[in-house]
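Student: What follows is a structure written as structure tokens; I'll ask about it next.
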Amino acid sequence: MMVFLLKRFAGFLVTVLAATLVVFVVLEVLPGDPARVVLGVEAQPESIKALRAEFGLDRPAAMRYLAWVGGLVRGDLGLSYTYRVPVAELVGERLAVTVPLALISTCLSGILALALGIYAAAHRGRPGDVGVMTVTQLGVAVPNFWFAILLILLFAVYLGWLPSGGFPGWRAGLGPAVKSLLLPSLSLAVVQAAVLARITRAAVIEILGEDFVRTARAKGNSRRRALWRHVLRNALIPVVTIMGLQFSALLAGTIIVENVFYLPGLGRLVFQAITQHDLIVIKDVVLLLAVVVIAVNFAVDLLYLAIDPRLRSRA
Amino acid sequence: MALLEVADLSMALATARGPLEVVRRIGFTLDRGRILGIVGESGSGKTMTALALIGLLPDGARATGSIRLDGRELLALPEAALCRLRGDRIAMIFQEPMTALNPLQPIGRQVAEPLRLHRDMDGSAAQAEAVRLLDRVRLPEAARISAAFPHQLSGGQRQRAMIAMALACQPDLLVADEPTTALDVTLQAQILDLLVELVEESGMALIIVSHDLGVIAETADDVLVMYGGTVVEHAPVAALLRHRAHPYTQGLFAARPRLGGGAAPLQAIPGTVPDLAALPSGCRFADRCPLAIAACNAAPPPMHEVAFGHGAACIRLDAARAGAGA
Amino acid sequence: MSVVVGEAPARRRIFRHAGLIVGAALTALVVLVAIVSLVWTPQSATAIDVAHKLALPSAAHWLGTDHFGRDVASMLMVGAQNSMMVGIVAVSIGVGIGVACGLAAAARGGWVEEALMRLADFTFAFPAVLSAILITALLGPGAFNSILAIGIFNVPAFARLSRGAARGIWVRDFILAARVAGKGRLRITVEHVLPNIASLLIVQATIQFGVAILAEAGLSYLGLGTQPPNPSWGRTLNEAQTFLFIAPRLAIYPGLAIVLAVLGLNLLGDGLRDVFDPRLIRRR
């Protein structure tokens, strides 16, 4: 088992390393002259030269790559070109918004999806199921930024209960901070939940047809008991897989949603950096996001081991 | 009073083309300590009958008639009452031990579940009893098996575990639907012996559903032969082995390959099982029967007493007896 | 004594075909609007008329005007053109390259297959929208680049799908028969594997079409997609957000357009899936 875990962890590290290579190559090597990219097409040759010196671009690419990775490991992400502050600081500030946002959204969407999916599967073919399928079919077609705007329309414009954007900071107090994260989380969660709910429903229906569920009923379990005690854990396997894959979509969603609500999060940072051609920030944040996704999928793999004893035996 | 009394039981499945009658007016009785074998081909309705006894018919199925357990009518019971009976008074084991056990739960826990459901036992008491049950079904190292997962057991071990699970609450009636079909021959004999032994020990009644004549002949006290959703013949097994009254049963026995029988071609029953959507109104075997006459298609044949406890549903029994030569 | 257990399944079938019909109708509607807009729109989609800005719906302007006085209905119609084009081209890139790679991987097997699939898996680690943003930002914003970016992200999806499905076909007996008869891998792929997975690909392509429309709308919302003055649903939505307090209706129309188009495509895809694979009907 230990060997298996170590092998998996090694695989994880290799993937992360590969990610750093890809990010570096795509962002620094491919565009040709990074300094020119940062400064734009109309840049003066002197500025370009100055920037090249600042970035150490006369060193060969391999050296720069190693320097970058070395810095990452030490926690030194370099200096943002636009803001002239350590990127690590910038990222740290922004994480304080994006992490809670992602966590709240994931929890909300998970709970909503499981509840709806299980309900629909248990009431298959009946009005409840049809209702859930209709609603989720709509939910899957809704762009999360439009849903966000609709939420703003309802809760900020008409009802005035919640802010239409911005983030007061955690120092302003738990209440106001959470209030400003509520609509963004909802807009991310609801659309995600629609996708997840349909998959949960399919997984549960599939398992309900398995022989061991019939055995469970033959032992005297009611339909409901059979569902909770026998079906759910088995259905978790495909559901957890999809949740892991969806995480990448969630992160992508945060970029857009942070822009809709003007939240000072990581997504907004990378978007601004892209428009400002701040290569250093872009490199670091893109890599960070990729690593998070890889890590989440690694965690999902480990979760499988916890859920499914068949995998434990093989390990 | 007999333990189980089934009368006039019919079952229809709901399909896109309307209700499809899969079982038509069957009846039988079963006493405690007796073993009934229900034999028939696929599509004969034998599995449906088994499922009806335990109340686990598929969605959309409709059952009419009467099933009485110790005088209590089962078909009228609400689901909650049926749940209390299942696993406690009536237990069932199924064909595929590979897929019939929850892959994520240890064996012991699954075996102990009926005890927790019906006897209100707490965890440790139920676990201890589960180990005892696994031991009773002749699983060596019962404690180790109790902690193991289904994928770590062999097919025969899984089937024994299923039996242990079914016996947990000492049911009055055990229904076994093709219990040995998925196992190889040596294991078959062991499982069947185990079942017979358990019946003798506990006095429970056993119904074995199978398409395999050999299994039924070895194990059952009485036999019900089903075809096209009806009972065509019923008899004590010894009587049936001596003499088959119904043309279908005769055909069934004749179709068995015989060891050392030389190179004679196998005697098949020509034709195929009736399409349930286009069932004849008379005898369901008529279109394949060598002895059929016009009257056979007119109405379903009544059950005739051939001998004491031995009945066959056919109007051509005299011709059948002459042809068979006993 | 009789007992009815469960529901009769006959009713379900009506619902099933309803999805396909509604989906096909919606999709056809959007396509029709897009085609019609090539030759005619109620007003000009780009003409600025500040004197009549933020007008309410009327006979002249069916959905009113935006903050520049542009006719919303016309903008949405031309936006449909945009979305359709994005969908078609992006999905074509994905299908063309992705399916070819996936089929090649399944046919070759060995390290080629392993390498291709690892590559596909790896691309999934990079949030697709993020990478699309990156590509458009580096190459410059615009319709062409955003289509390219979205297309690139369809490639691994189709590669995986076609490889998985193709593998299932390759192990079948009739393929073995073809190989024994001496047919080469390419011929087998084209003559036997491809037709058998075609229905799966069609269904997925329909769904990915909807995904592409959503992605393009997102990119346009962020300003990285179709550039002004060409209308796009996403950008129209962005512009409407500024006026949310004054004219909320402007934010509803483009969103509705997106939802209708994507919903139609999803329903169509699901409906086609049921039609192509009758086994699945029982499962639903």
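Student: Does A:G173 satisfy the criteria of being more than 30 Å from C:A257 (Cα to Cα), assigned by TED's automatic domain parsing to the domain that holds A:I256 and either small (G, A, S) or at pLDDT 90 or above (or both)?
Tutor: So A:G173 passes the test.
Student: From the list A:A226, A:A218, exactly one residue is facing another protein chain (nearest Cβ under 9 Å) and of a type in the set (G, A, S). Which is it?
Tutor: Just a single option satisfies the conditions, and that option is A:A218.
Student: If you take the residues of the range B:67-125 that are more than 7 Å from every other protein chain (Cβ to nearest Cβ) and at positive phi, which of them is surrounded by the most Cβ atoms within 10 Å (Cβ to Cβ)?
Tutor: Looking at residues that are more than 7 Å from every other protein chain (Cβ to nearest Cβ) and at positive phi, I get B:D70.
Student: Let me ask something additional. All but one of (1) touching a strand residue (DSSP E or B) at 6+ places or on another chain (Cβ under 6 Å); (2) farther than 30 Å from B:I90 by Cα hold for A:L245, so report the exception by its number.
Tutor: A:L245 satisfies every listed condition except (1).
Student: All but one of (1) within 23 Å of the chain's Cα centre (by Cα); (2) buried (at least 16 other Cβ atoms within 10 Å of the Cβ) hold for A:A156; which doesn't?
Tutor: So A:A156 meets the others, but not (1).
Student: From the residues in the range A:111-128 that are free of Cβ contacts under 8 Å to residues at least 60 places away in the same chain and buried (at least 17 other Cβ atoms within 10 Å of the Cβ), which one is nearest to C:L267 (Cα to Cα)?
Tutor: Ranking the candidates gives A:G125 first.
Student: With the condition kept exactly as written, say whether any residue in the range A:230-241 is part of a helix (DSSP H, G or I) and closer than 16 Å to B:P114 by Cα. Give the derivation first.
Tutor: Start the filter on the range A:230-241 by keeping residues that are part of a helix (DSSP H, G or I), which leaves A:230-241.
With closer than 16 Å to B:P114 by Cα added as a condition, the list becomes A:230.
Looking for residues that are part of a helix (DSSP H, G or I) and closer than 16 Å to B:P114 by Cα, one finds at least one in the range A:230-241, hence yes.
Student: Considering only residues that are small (G, A, S) and either at pLDDT below 75 or more than 16 Å from the chain's Cα centre (by Cα) (or both), which ones fall in the range C:121-142?
Tutor: Across the range C:121-142, the qualifying residues are C:A125, C:A128, C:S131, C:A137, C:G140, C:G142.
Student: Can you pull out the residues in the range A:139-164 that are at negative phi and in a loop (DSSP other than H, G, I, E, B)?
Tutor: Within the range A:139-164, A:V142, A:P143, A:L159, A:W161, A:L162, A:P163, A:S164 qualify.
The rows are residues; the columns are (1) buried (at least 20 other Cβ atoms within 10 Å of the Cβ); (2) out of contact with any Ser or Thr (no Cβ under 9 Å at 6 or more places or on another chain); (3) under 20 Å from C:N82 (Cβ atoms).
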site: C:M117; (1), (2), (3): no, yes, no
site: C:I133; (1), (2), (3): yes, yes, yes
site: C:T136; (1), (2), (3): yes, no, yes
site: C:L139; (1), (2), (3): no, yes, yes
site: C:F144; (1), (2), (3): no, yes, yes
site: C:A149; (1), (2), (3): yes, no, yes
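Student: Just give me the residues in the range B:126-153 being within 14 Å of another protein chain (Cβ to nearest Cβ), aliphatic (A, V, I, L, M) and more than 21 Å from A:N221 (Cα to Cα), in sequence order.
Tutor: Of everything in the range B:126-153, those that are within 14 Å of another protein chain (Cβ to nearest Cβ), aliphatic (A, V, I, L, M) and more than 21 Å from A:N221 (Cα to Cα) turn out to be B:A147, B:A148, B:L153.
Student: Is there any pair with a first residue in the range B:238-250 that is closer than 17 Å to B:F285 by Cβ and a second that is outside any helix (DSSP H, G or I) and of a type in the set (D, E) whose Cβ atoms are under 7 Å apart and which are 6 or more apart or on different chains, and what are they?
Tutor: If the second residue must be outside any helix (DSSP H, G or I) and of a type in the set (D, E), the pairs left are B:A245/B:E233; B:H246/B:E233; B:T249/B:E233.
Student: Let me ask another. So in the range A:268-315, with the set limited to residues that are within 12 Å of chain C (Cβ to nearest Cβ) and closer than 22 Å to A:F4 by Cβ, which one is surrounded by the fewest Cβ atoms within 10 Å (Cβ to Cβ)?
Tutor: Only one residue tops the list, namely A:A295.
Matching residues to (1) farther than 30 Å from C:L119 by Cα; (2) within 13 Å of chain C (Cβ to nearest Cβ); (3) among the hydrophobic types (A, V, I, L, M, F, W, C):
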| residue | (1), (2), (3) |
| --- | --- |
| A:L5 | no, no, yes |
| A:R8 | no, no, no |
| A:V16 | no, yes, yes |
| A:A19 | no, yes, yes |
| A:V38 | no, yes, yes |
| A:L51 | yes, no, yes |
| A:G78 | no, no, no |
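Student: Further, regarding this structure: Which of the following residues is of a type outside the set (K, R) and part of a helix (DSSP H, G or I): C:L244, C:L194? Outline the logic, then answer.
Tutor: On the way: C:L244 fails: part of a helix (DSSP H, G or I).
It is C:L194.
Student: OK, next. For A:V142, state whether it is under 24 Å from C:L244 (Cβ atoms), touching a helix residue (DSSP H, G or I) at 6+ places or on another chain (Cβ under 6 Å), within 14 Å of chain C (Cβ to nearest Cβ) and not hydroxyl-bearing (S, T, Y).
Tutor: Yes: the conditions hold for A:V142.
Student: For the range B:203-220, does any single residue satisfy the condition of being in a loop (DSSP other than H, G, I, E, B), over 22 Å from B:A52 (Cα atoms) and either hydroxyl-bearing (S, T, Y) or at pLDDT 90 or above (or both)?
Tutor: Within the range B:203-220, one or more residues are in a loop (DSSP other than H, G, I, E, B), over 22 Å from B:A52 (Cα atoms) and either hydroxyl-bearing (S, T, Y) or at pLDDT 90 or above (or both).
Student: I'd like the full set of residues that are surrounded by 16 or more Cβ atoms within 10 Å (Cβ to Cβ) and under 30 Å from C:R273 (Cα atoms), limited to the range C:32-72.
Tutor: Those that are surrounded by 16 or more Cβ atoms within 10 Å (Cβ to Cβ) and under 30 Å from C:R273 (Cα atoms): C:V33, C:A34.
Student: Which residues, taken from the range A:148-166, are within 8 Å of chain C (Cβ to nearest Cβ) and in contact (Cβ under 8 Å) with a residue 12 or more places away in the chain?
Tutor: A:I149, A:I152, A:S164
Student: Next question. If you scan the range B:149-165, which residues turn out to be in contact with a Pro (Cβ under 7 Å, 6 or more places away or on another chain) and farther than 24 Å from B:H118 by Cα? It would help to see each step written out before you state the result.
Tutor: Of the residues in the range B:149-165, the ones in contact with a Pro (Cβ under 7 Å, 6 or more places away or on another chain) are B:149-151, B:155, B:158-159, B:162, B:165.
Within the range B:149-165, B:H151, B:G155 meet the criteria.
Student: Output the number of residues of the range C:237-270 satisfying the condition of being farther than 30 Å from C:V203 by Cα and either within 9 Å of another protein chain (Cβ to nearest Cβ) or of a type outside the set (G, A, S) (or both).
Tutor: Looking only at that region, the number is 13.
Student: Determine which member of the set B:A76, B:A126 is free of Cβ contacts under 8 Å to residues at least 40 places away in the same chain and more than 30 Å from A:R312 (Cβ to Cβ).
Tutor: The conditions single out B:A76.
Student: Here is a further query. Got a sec? Which of B:A220, B:A235 is in contact (Cβ under 8 Å) with a residue 60 or more places away in the chain, surrounded by 14 or more Cβ atoms within 10 Å (Cβ to Cβ) and touching a helix residue (DSSP H, G or I) at 6+ places or on another chain (Cβ under 8 Å)?
Tutor: B:A220
Student: For the structure I just gave you, tell me whether B:L174 is of a type outside the set (D, E) and in a strand (DSSP E or B).
Tutor: yes
Student: For the range B:1-19, give me each residue that is surrounded by fewer than 17 Cβ atoms within 10 Å (Cβ to Cβ) and either free of Cβ contacts under 8 Å to residues at least 40 places away in the same chain or assigned to a strand (DSSP E or B) (or both).
Tutor: B:A2, B:A7, B:D8, B:T15, B:A16, B:G18, B:P19
Student: For residues that are buried (at least 17 other Cβ atoms within 10 Å of the Cβ) and modelled with pLDDT of 85 or more, tally how many sit in the range B:26-43. Before you say what the answer is, go through the steps one by one.
Tutor: Going residue by residue through the range B:26-43, those that are buried (at least 17 other Cβ atoms within 10 Å of the Cβ) are B:26, B:28, B:30, B:34-40, B:43.
Adding the requirement that they be modelled with pLDDT of 85 or more leaves B:26, B:28, B:30, B:34-40.
Going through the range B:26-43 one residue at a time, the tally reaches 10.
The values are calculated or read from the model by the stated rules, or taken from the named source; none is laboratory data. Computed from a predicted model, the values in this text were never measured in an experiment. Positions of Cβ are generated from backbone atoms using ideal geometry, with glycine treated the same way; all protein chains shown enter the neighbour counts.
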